[in-house]
Every structure is written in structure tokens, then in C-alpha cells.
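In what follows, a single structure is set out as C-alpha cells and then discussed.
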Amino acid sequence: MNSSAIPFVLAIATQSALGLAVFQANPRKISNQCFLLLTGVIAGWLASLHYGLNTNNAGVAEFCMRAASAAGILFLTSLNLLRLSIRQRQKGWPALLRRSRLWLLGAAAVIGFCLTTWFLKGVQLSDVDGIAVPSPIYYRPGVYLYGSVFSGAIIALAVSGWRDLRETVGGERAELAFVLIGGLSMLALSLLLTFGLRFFVNPSLWRIFAPFRVVLFSLVVAYGIATRKIMDVGSFLRRAMSYAVLAVYLLALYGLVWWLVDAVLNEVLAQQAQTFAHVTAAIAVAFAMAPARGLSQRLADRLFISSRGLDFRTTMNQAAAILNSVTTLGDLLERFAKTIGQAANTERVIILLAQKDVYGQHYPPPTRENRIELPNDHPLLAYLKSAGQPIVLDELHRVRPTPEVHRIINQMQHLDLAVVMGIFARDQLEGVMLLGPRRSGRIYGSVEQNALQVLCGQLAVAIENAELFTEVQNAKLYNETLLENLTTGVIAVSANGKITVFNNEAGQITELNPREIIDQSLENLPEEIRELLRETLRSRRGQENNELTFASGERAVSVRASSSIFHDQEGRILGALMVLTDITALKRLEQQIRRSDRLASLGTLSAGMAHEIKNPLVSIKTFAQLLPERYLDSDFRETFSNLIGHEIDRIDTLVNQLLRFARPAKPHLKPLHVHDLLEKSLMLVGHRLYQKEIKLTRSWDANVDTIRADADQIEQVFLNFFLNAIEAMKGGGELTVATEIGSANEWTISGSNGDGQEILRVTIRDNGEGIRREDIPHVFDPFFTTKDYGTGLGLSVVHGIIQEHGGQIEVESDVSKGTAFHILLPLVRFNQEVAAA
């Protein structure tokens, strides 16, 4: 094998390898089969040229030249078959051959013509430098005819290809464009080899590259129809133009430097001048490579600015501004989708996010008629998770067909999708972005896919941030709505005394404007509220159930206030929180209830009081009837006089107690003896105890029984408990009243009017019906009662009275065994004598 055969052998081997590689990529794809046929024709054409130009046998040379000419028209016919196979990828060979019947008949006629003497008369061997070189003897009219037919076929192919480019979109358009680019590349290289390099390189050297012109064509076409991650035609042209401009510039620079150095050093160095010129030119090209590459890229971008695909830099800047912004999930997806839709030139951008069992549509907002939901086992999602790469419809037509690929193609065509992008976060598929076809008809090339993958990766992080921000915003709105609609006032102050929260109810209670009071000092609050907040911040302890009364405008307001301290995650105090409940109306109602309860109790006591008053009246009446008869009896008059005074004092005492009990009055606290109050109350219910045959047991274990209280109100409390106990013992029983003293460590109460060290406990116990366990927490609730009659307000009023005295009430009860009420009151030891109640 001589050196001239090597390029042909390499070119033939490359053609064969390309054809087989493309065919093996997808043997069932008809365009791949047509490309295999095309490369076979090209390989035959190259082989015919090689043997025809290098044989010493005139007959063999003549046959090879006729075969090469026939292969030329077969090349165009195969190229047309490839064009049609791209247009009709779903159809088989019968339909393809029917569409190509005119081309096939014309090719058969031309091949037959090439075998006649009307085309080639023969071959003459000429001696060139001792080598026999075959020279064809053409029949001139026949050659013109062949050339005309060949040129017409090329023009027909060009026109058909241009028409196809205008009528097709997506992958079909890209494949046809690459076929056209391959032909143009082959033409450009032929012109370069013929008219460009011959001025710088020996013709024997550039002829070596001649067979590779058609190899370049095959490489471009193979890339266009077989490569899965195909580049968009515009990007390919920009890159090819960039390299072409770079190559031309570097060759021109190389030639210029070589010529200048050779011209200067030719007379000095003689034979070494060319070698030194080549070295100098190579060094100049090496230094010019980097800046020349950037220049060629910018020039190519300007030349193909209308064909540019996704502007990666601009889109990345816009997307970065969106993704770095703090916004809600809906706003993020809307702005991101619009940016992607504008950059990719598509009207259809759909974003699905992972939910419990499906990937649901989040953008655009779904409607009943237009909603996309993909279950977790959907073929598209399974393919995304396994491959980890975007799913491009045009690329699926290039891979080996499998049932899974067919399902995915059908699903994407049904949804009118061109690309399915996965939104991955920490190797987990968090969402899917669905893109429709591009309005320009171009494909989503590898450059666009890479850019979209980068953006989807950033979107996954932004979605997590947006979801957190959305949760915070929703929680903020929820808390603000809840706070503003609370029926209790809420006030929060920071550790430095600035008001940070002041809801509408707090404004209504204090008659302050919430908008004006925010960020102001707590000095602007009413004194009672201000002092309680200060105490809370100072002591760092919450205050509970404090009843405050302050003037708000022209009215007096009563509130129940509770405060607490709140901390940050590290335990540092952030401020204090206060909750206010307006109890002004409740206080008025409570006063009315107390009056009503007193009147109701008076009715209950009427029978006992009548009996107590009737006894002295009987004595007075008896002595009054005997007085006329025994008036002269001095002993009788003295006894009568003493008895009348005693009985009248007795009646006066009972009436005064009754009036004092019924008279409405504000609490007036003063030192009192609890035992005296208990005795007076027991005297009022003594007749009821006697009627119901209830045994009374007293146990005064408290050696000190002094408290600070309102006598009338405490009598009302005891009387209410005694009457309830009597009613609970329907068939007789035992009422036990006991007192004892304990320490604050033993019994704890919320407030105290004394020093808080000692507590007096009064226990009123009966063995009546008892209270059910589930009813015990509600016995002090207003309007709660277990009786068939009554208002259920008695114990509620009693509970309020005891709380006002700084005490509390505890309940113990068992059904059918009885109930015990423990009244805890702060014990106060007085140095001076305490007056009787």
C-alpha cells in the first residue's frame, strides 16, 4: 500500500464505521437505515475513485470510473431517501420507495447511461514520471448531459430541503438542518482545499485531505440524526463558525508570519530559513490562540444573533434575581416560569411539586378543567428518577424503542410536551417542570438542557426557602388574624419597655389607638397595667388573675389581667406578655346576682326567722294577756318588764341580722372572727336543721380565727354552703363544720390579704347525695346546676366572693357518700382586740 492509498482507506473505514455506529444506535429507525445505505454508497464511491486512479489496467480503470460516476447519482438518490425518512419517520420502506419512485427511475436511467460509450469512450494510460496514470476519454455531449442531470438533482435536493425546513419543527427540522449543514461543510472544505491551501501547501499534500471532504459531511449528518444529546442548529452553527473563523485567522496569521520571516532570513540562513519561519509562525499562533478564540466567538454570535437559543447568561441573571429574592412559593413559581417561558420561547410552562401521593400542579394555578397530576408511579417520574436526566421528546425518537419509551412518548404527546425536567433536591425528586414546544420550532438542544438543569437545581433550593417563607407568612397572617379577632386584649412589651403587640381588643379596653401605641414606651399605658408589666419584667415571674380597675375615658373599667415572661431559644428574656379580659359587665352582673342570691336566701330563711321571732312574741302576748289580772302583783310586773325588754332585744337582733344580710353593699374589709360568723349563720339555719333531723357537729380546732373580710359577704358564703348541704341530705344526716390552721407550704392559695404565711381552712361537710366526678370541675361555673330547680348562680357568686378575699375553694365529693367544701382564707393575727362581727 502506497502513501496515496492511506487517505482513501482511512476515509472508507471511517465511512463504514459511521454507518454501522448510527445503525446500531437504533436499528429500527428508518433514517438510521437510510444513513447506512448512504455511507455504503459513499464508501463504494471512494473505493471506485481509489482503484480507478491507481490501477495500471485500462479496463479496470474504465470500470471504476463508470462505477464512481454511477455512485455519484446514487449518492444523491440515497440523500433524498434520507430526507424523506426524516420527514416520514413513522412510515416504512414501502411508503418511502413509493415517494422516491421518480428518483429511483432517474437514477437507474443515469446508471445505465454511465455504462454506455455515450458517456465514457474509454481510458488511456499516460506515463507520468514513470507511473502509468489513467486518463478518461469522455464523450463530451454525454458528459454535459450527466453534469446537467447531476446539477439538477442537487438543485432539486436543495429546494426540497429548504421547503422541508420551512414546514417542519423540532427534531425533524434539526435533522434536516444538519443534513444541509453537512452538504455546505463539504462544499466549504472543497473550496478551501482547492483554492485556499494550495498557495501555502504542496499540492501533493493537500490532495491527501481530499477524501475527507465527504467524511466531514457524514460526520455532521451522523451527529444530526443519531446523537441523543443533539445541539441546537443555531448553537452548532455559532460554534462551527467560531472554529472556522478561528482556523482562518490562525492560518492567515501563520502564513503571514511565515512569509515575513522567510523573506527576511532567506538570504541570511538560506536552507534553514523555512524551518525557522515555520517555528516562528507556530509560536505566534500559540500566543494568539486565546484572544483569537474570544474574538471569533463574539463575531460568530453577531453573525448568528437571530438564531440564538436560550441566552444562558441573561437568563441566569434574571433567574438568580428571582431565586435570591424572599417571596412566597406562588410568586416564586410564577416569576420563574415566566422567565423560563420567555427565554425558551415557549407558551407552555407547567410546574408540579411533590405532595403526599402525587405530583400536583402548582403553576399555573390549576382549574377543574385544566389540572395535571402525576401519581408517584407514573412512567415519566420513574424515568426521571432512574435516569436523572431531562426527558426530551425529540431525543426519545433516537433511542432504541422499548415499551417504556413508547409509553413515555405517548404520554408526552398526549400532554403536548417537548421536555420534562426534574427538580432535584438532595437526590430527591421534589418537583417536575413541563415545557411545551418552542414557538420558533427549534429543538431543546444540549446547551438549553444544560442551562435548564442548572436553573432547576437552583429552583429546588429556592422552593425550599419559599415554602419556609410561605409557612412563615401564613403563620404570620394566621396569628395576626387570630390576634386581632381575640375577645381578650393582648399586650406585649420588649425587655427595654417598648410596646410590640397591642391588638384591637386591648385598644377597646384602654381606649388607645393600637397603631399609635405600637413601638411606644409602656409609660403610655394606664397606670395599673403599666405597673403590673413592670413588676413582671422586674421579678421575671408571671402574674395571674389580677383584677384591675382603672378609668378609661368617662367610664370605670374592670379587667382580669394575667402576665408572663417569654424567652428566646437561648433562654434570654425577650419581654413580657399580658392578657386582659374585660369583666366590667361581668362585675355588674355579679353584683346583681349577689343581690338576687341574697333575696332568694331570704325567702329560704323566712320560715326559720318566723319561728325565731314567734317565740318571743308568744311570751310577750302571754304576759300582756295576764297583765290586767295581775297588774297589782309587783313581782309579776317586774318579771314582765324584764321579759319584755329581753324578748324585744332578741327580735331586734334577728331583724338587724336579716337587714344586714339583705342590704347590698360594696365589700368592706375589716378584722373579724370566723367562729362568730359561723355561729350566726348556723343560727339562721337552725330551724331547717331541726325540721330535717340533721345532726350538727362543730369542730373549732383553730386557736386563732381572725381574718380581714366583709362580714355580710362571708355570712352569705357560709349560709349558701349550709343551705346546699341541707338540700343534699334529703333523709336526714350529719352536717360537720370544722376549722383548722395550716401553713402556706401545706395549702397554697393564689392571693392573700395577709402576710401569706398562715391559712385558715373552714370545712363544711355533709353525707348527702354527693357530686359526680365529671361535674366537679363545673360546680363554680355560672348557670351550672344538677338540681331540677335553681339558677346555678349561687356557687359562682360564692367563688367570686372568696377570690375577692384572697382565698380559694376546694371540693371533695363521692357519689352517695357526701361532699366537703374547703374554704381557704388568709389568716391574720392582730395585736389589738378584734370587735365582734
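Number of residues in segment 510-535 that are under 39 Å from the mean Cα position of the chain (by Cα) and either β-branched (Val, Ile, Thr) or part of a helix (DSSP H, G or I) (or both): the value is 7. Residues that are open to solvent by less than 100 Å² (accessible area, probe 1.4 Å) and either under 16 Å from residue 561 (Cβ atoms) or in contact with a strand residue (DSSP E or B) (Cβ under 8 Å, 6 or more places away or on another chain) (or both) within segment 512-523 comprise 512, 514, 517, 518, 520, 521, 522, listed in sequence order.
Among the residues of segment 162-184, those identified as surrounded by fewer than 19 Cβ atoms within 10 Å (Cβ to Cβ) and either more than 49 Å from the chain's Cα centre (by Cα) or not basic (Lys, Arg) (or both) are 162, 165, 167, 168, 169, 170, 183, 184.
Conditions tested, residue by residue: (1) modelled with pLDDT of 85 or more; (2) under 14 Å from residue 581 (Cα atoms); (3) not aliphatic (A, V, I, L, M).
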{"site": "477", "(1), (2), (3)": "no, no, no"}
{"site": "496", "(1), (2), (3)": "yes, no, yes"}
{"site": "501", "(1), (2), (3)": "yes, no, no"}
{"site": "565", "(1), (2), (3)": "yes, no, no"}
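Among the residues of segment 15-38, is any open to solvent by 60 Å² or more (accessible area, probe 1.4 Å), among the polar types (S, T, N, Q) and in contact (Cβ under 8 Å) with a residue 60 or more places away in the chain? Within segment 15-38, not a single residue is open to solvent by 60 Å² or more (accessible area, probe 1.4 Å), among the polar types (S, T, N, Q) and in contact (Cβ under 8 Å) with a residue 60 or more places away in the chain. Which members of segment 442-456 meet the condition of being small (Gly, Ala, Ser) and modelled with pLDDT of 80 or more? Passing the criteria: only 451.
Only helices (runs of 4 or more DSSP H) whose full extent lies in segment 674-728 are considered here, and the ones with at least 1 residues that are of a type in the set (Ser, Thr, Tyr) and within 20 Å of residue 820 (Cβ to Cβ) are 674-684. Which one is nearest to the chain's Cα centre (by Cα) among residues in segment 536-546 that are exposed (fewer than 15 other Cβ atoms within 10 Å of the Cβ) and either hydrophobic (A, V, I, L, M, F, W, C) or assigned to a strand (DSSP E or B) (or both)? Step by step, filter segment 536-546, then rank; the result is 544. Go through segment 328-346 and count every residue that is outside any helix (DSSP H, G or I) and under 24 Å from residue 442 (Cα atoms). The total comes to 2.
Identification of helices (runs of 4 or more DSSP H) wholly contained in segment 52-124 with 1 or more residues that are open to solvent by less than 50 Å² (accessible area, probe 1.4 Å) and β-branched (Val, Ile, Thr) yields 58-87, 101-114. The single residue among 443, 463 that is within 25 Å of the chain's Cα centre (by Cα) and either of a type in the set (S, T, N, Q) or open to solvent by less than 30 Å² (accessible area, probe 1.4 Å) (or both) turns out to be 463. Residue pairs whose Cβ atoms lie under 6 Å apart, separated by 6 or more positions or on different chains, with the first residue in segment 407-426 and of a type outside the set (Val, Ile, Thr) and the second open to solvent by 20 Å² or more (accessible area, probe 1.4 Å), are 407/379; 412/393; 418/393; 418/437.
Residue count for segment 299-327 under the criterion of being at pLDDT below 65, part of a loop (DSSP other than H, G, I, E, B) and either over 16 Å from residue 435 (Cβ atoms) or open to solvent by 40 Å² or more (accessible area, probe 1.4 Å) (or both): the result is 4.
Quick check, is residue 393 in contact (Cβ under 8 Å) with a residue 60 or more places away in the chain, in contact with a strand residue (DSSP E or B) (Cβ under 8 Å, 6 or more places away or on another chain) and open to solvent by 10 Å² or more (accessible area, probe 1.4 Å)? It would help to see each step written out before you state the result.
On the way: in contact (Cβ under 8 Å) with a residue 60 or more places away in the chain: yes; in contact with a strand residue (DSSP E or B) (Cβ under 8 Å, 6 or more places away or on another chain): yes; open to solvent by 10 Å² or more (accessible area, probe 1.4 Å): yes.
Answer is yes for this residue.
Count of segment 478-500 residues, restricted to those that are closer than 14 Å to residue 522 by Cα and out of contact with any helix residue (DSSP H, G or I) (no Cβ under 9 Å at 6 or more places or on another chain), is 4.
Here residue 372 meets each of (1) of a type in the set (Val, Ile, Thr); (2) modelled with pLDDT of 85 or more; (3) farther than 26 Å from residue 445 by Cα with one exception, condition (3).
Residue 241 meets all of the listed conditions (1) more than 48 Å from the chain's Cα centre (by Cα); (2) modelled with pLDDT under 75 but one, namely (1). The residues of segment 340-363 that are touching a helix residue (DSSP H, G or I) at 6+ places or on another chain (Cβ under 6 Å) and modelled with pLDDT of 85 or more, listed by number, are 349, 351, 362, 363.
Just wondering, is there one or more residues in segment 351-359 that are in a loop (DSSP other than H, G, I, E, B) and crowded, with 16+ Cβ neighbours inside 10 Å? Within segment 351-359, none of the residues are in a loop (DSSP other than H, G, I, E, B) and crowded, with 16+ Cβ neighbours inside 10 Å. Here's a check for you: in segment 125-155, which residue that is assigned to a strand (DSSP E or B) and among the β-branched types (Val, Ile, Thr) is modelled with the highest pLDDT? Residue satisfying both the conditions and the ranking: 137. All conditions but one from (1) polar (S, T, N, Q); (2) in contact with a Leu (Cβ under 7 Å, 6 or more places away or on another chain); (3) open to solvent by 40 Å² or more (accessible area, probe 1.4 Å) apply to residue 470; the one that does not is (3).
Does residue 407 count as closer than 30 Å to residue 176 by Cβ, among the basic types (Lys, Arg) and surrounded by fewer than 16 Cβ atoms within 10 Å (Cβ to Cβ)?
It is true that residue 407 is closer than 30 Å to residue 176 by Cβ, among the basic types (Lys, Arg) and surrounded by fewer than 16 Cβ atoms within 10 Å (Cβ to Cβ).
Got at least one residue in segment 783-794 being in contact with a helix residue (DSSP H, G or I) (Cβ under 7 Å, 6 or more places away or on another chain), at pLDDT 80 or above and part of a loop (DSSP other than H, G, I, E, B)? Checked segment 783-794: no residue is in contact with a helix residue (DSSP H, G or I) (Cβ under 7 Å, 6 or more places away or on another chain), at pLDDT 80 or above and part of a loop (DSSP other than H, G, I, E, B).
Would you check which residues across segment 44-98 are under 60 Å from the mean Cα position of the chain (by Cα) and of a type in the set (A, V, I, L, M) and list them?
76, 79, 81, 82, 84, 86, 95, 96, 97
The values are calculated or read from the model by the stated rules, or taken from the named source; none is laboratory data. Note that the coordinates shown come from a computational prediction; the quantities given were computed from them, not determined experimentally. Using ideal geometry, Cβ is built from the backbone for each residue, glycine included, and neighbour counts are taken over all protein chains shown. These accessible areas exclude ligands, DNA and RNA; they are computed on the full protein's heavy atoms, side chains included. Shrake-Rupley method; radii C 1.70, N 1.55, O 1.52, S 1.80 Å.
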